Each structure stands twice: as structure tokens, then as C-alpha cells.
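Asks: Before we start, here is the structure in question, set down as C-alpha cells.
The values are calculated or read from the model by the stated rules, or taken from the named source; none is laboratory data. Note that the structure is predicted; figures quoted are calculated from it, not measured. Using ideal geometry, Cβ is built from the backbone for each residue, glycine included, and neighbour counts are taken over all protein chains shown.
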Ligand code: FEO
């Protein structure tokens with residue numbers, strides 16, 4: 001059984017993951033409207049990943065006898081100044097999510113919930129990758145400094161990203 005405190009914290013994170021999916025879908029739509037289909041694809045895959053993160057919290061809460069309570073999802077921004085601005089916002093968002101995951105681990109430790117601590121370790125590792133992959137694109141964009149030819153090269157590269165659903169063992173967190 002999860003404690004009330006853990007249940008609330010996990011539900012908050014479930015909402016935060018759904019917001020992340022919403023945010024990246026909005027970014028994908030922004031790129032799509034600018035005919036940067038590779039960037040749009042990268043963000044679309046990112047949104048799909050966030051939905052699997054949300055699902056992990058949904059499933060874990062049920063596994064532990066908790067109750068899932070879905071709240072309103074905040075509306076994401078719909079416009080950015082440039083591809084670089086989008087990726088700056090992405091890196092900042094992922095850093096914020098990393099902070100939320102770390103706070104969750106602190107709560108699980110304080111509540112002596114060992115199962116939740118183990119479950120959350122997957123997310124601690126995942127956040128390292130999330131920050132790294134967003135940062136890698138941001139650095140390329142910063143290097144270009146607005147050169148359009150380079151932008152289309154990166155667009156072609158980002159078109160290659162595909163969504164791989166986590167395996168069953170990974171899904172159990
Ligand atoms: Fe669910 Fe991008 O972290």
C-alpha cells in the first residue's frame with residue numbers, strides 16, 4: 001500500500017508527465033507548421049515517450065493499491081521565437097522534471113517506501129538521458145548560429161528518430 005503522501009506525489013508526477021507530452025506535442029505542431037518535419041518528428045517521438053512515462057506512474061499506483069486521480073493539464077505554449085528557443089525551453093523543462101523526480105525520491109525515502117524508491121530509480125536514470133539528448137540538439141543549433149543550410153541538415157538527422165516502446169520489464173519500472 002502507498003501512503004497518502006506518496007499517492008499524492010505520484011499523482012502529481014503523473015500529471016507532470018502528461019503535461020510534458022502536451023508540451024512536446026505543441027512543439028511538434030510548431031515545427032510542423034514551419035515545414036521542419038524532422039524537428040516535428042523528434043518532438044512527436046518525445047511526446048510518445050512522455051506518455052509511456054505517465055503510464056508507468058498510472059500502473060505503479062494501481063500495483064501499490066493507490067488511487068489514480070487525474071487533474072487538469074495546463075495548456076502549453078504554442079509559439080517560440082526559433083528552433084533554438086524551443087530546445088532551450090526543452091532543456092529547461094527536462095531539468096525541472098529531473099528536480100521533481102529527485103524530490104519524489106526524497107519523499108519516498110522519508111516515507112520509508114522502498115518499492116517506490118526502486119520504481120523511481122528508472123526515472124532518475126531516464127532523466128540523465130532526457131537532458132543529454134535535448135542538450136545535444138541545442139548545442140548543434142547554437143553552433144549553427146542561424147545558418148539555414150545547417151538547420152536543414154539537422155532537420156534531416158532528427159527525422160531519423162523513432163519511437164521504441166519500453167519493454168515489459170522496463171514498463172514495470
Ligand atoms: Fe518524462 Fe522528459 O521526462
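Asks: Tell me, please, whether a residue that is within 16 Å of the ligand (Cβ to nearest atom) and closer than 18 Å to residue 17 by Cα can be found in region 136-151.
Replies: No.
Asks: For a quick check of your reading of the model, give me the residue pairs whose first member lies in region 47-58 and is within 10 Å of residue 165 (Cβ to Cβ) and touching a residue at least 60 places away in the same chain (Cβ under 8 Å), whose second is within 9 Å of the ligand (Cβ to nearest atom) and assigned to a helix (DSSP H, G or I), with beta-carbon atoms closer than 6 Å and at least 6 apart or on different chains.
Replies: Final answer for the pair search is none.
Asks: Is there any pair with a first residue in region 89-103 that is closer than 21 Å to residue 141 by Cβ and a second that is more than 9 Å from the ligand (Cβ to nearest atom) and assigned to a helix (DSSP H, G or I) whose Cβ atoms are under 6 Å apart and which are 6 or more apart or on different chains, and what are they?
Replies: 91/135; 91/138
Asks: Considering only residues that are away from the ligand (no atom under 12 Å from the Cβ) and under 20 Å from the mean Cα position of the chain (by Cα), which ones fall in region 1-14?
Replies: 8, 9, 10, 11, 12
Asks: Can we say residue 17 is within 17 Å of residue 87 (Cα to Cα) and within 13 Å of the ligand (Cβ to nearest atom)?
Replies: no
Asks: State yes or no: is residue 37 away from the ligand (no atom under 14 Å from the Cβ) and either more than 22 Å from residue 8 (Cβ to Cβ) or surrounded by fewer than 19 Cβ atoms within 10 Å (Cβ to Cβ) (or both)?
Replies: Here the answer is yes, as residue 37 does meet what is asked.
Asks: Exactly one of (1) within 19 Å of residue 59 (Cα to Cα); (2) surrounded by 15 or more Cβ atoms within 10 Å (Cβ to Cβ); (3) more than 13 Å from the chain's Cα centre (by Cα) is unmet by residue 123. Its number?
Replies: So residue 123 meets the others, but not (3).
Asks: Still on this structure: Could you give me the residue pairs with C-beta distances under 6 Å whose first residue belongs to region 112-132 and is modelled with pLDDT under 95, whose second residue is within 11 Å of the ligand (Cβ to nearest atom) and part of a helix (DSSP H, G or I) wherever it lies, and which are 6+ apart or on separate chains?
Replies: none
To keep it simple, each residue is scored yes or no on (1) outside any helix (DSSP H, G or I); (2) surrounded by 11 or more Cβ atoms within 10 Å (Cβ to Cβ); (3) within 16 Å of the ligand (Cβ to nearest atom); (4) on the phi > 0 side of the Ramachandran plot.
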position: 48; (1), (2), (3), (4): no, yes, yes, no
position: 51; (1), (2), (3), (4): no, yes, yes, no
position: 54; (1), (2), (3), (4): no, yes, yes, no
position: 58; (1), (2), (3), (4): no, yes, yes, no
position: 66; (1), (2), (3), (4): yes, yes, no, no
position: 78; (1), (2), (3), (4): yes, no, no, no
position: 81; (1), (2), (3), (4): yes, no, no, no
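For every residue, the table says whether it meets (1) more than 25 Å from residue 25 (Cα to Cα); (2) more than 15 Å from the ligand (Cβ to nearest atom).
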| site | (1), (2) |
| --- | --- |
| 86 | no, no |
| 94 | no, no |
| 100 | no, no |
| 105 | yes, no |
| 110 | yes, yes |
| 113 | yes, yes |
| 124 | no, no |
| 129 | no, no |
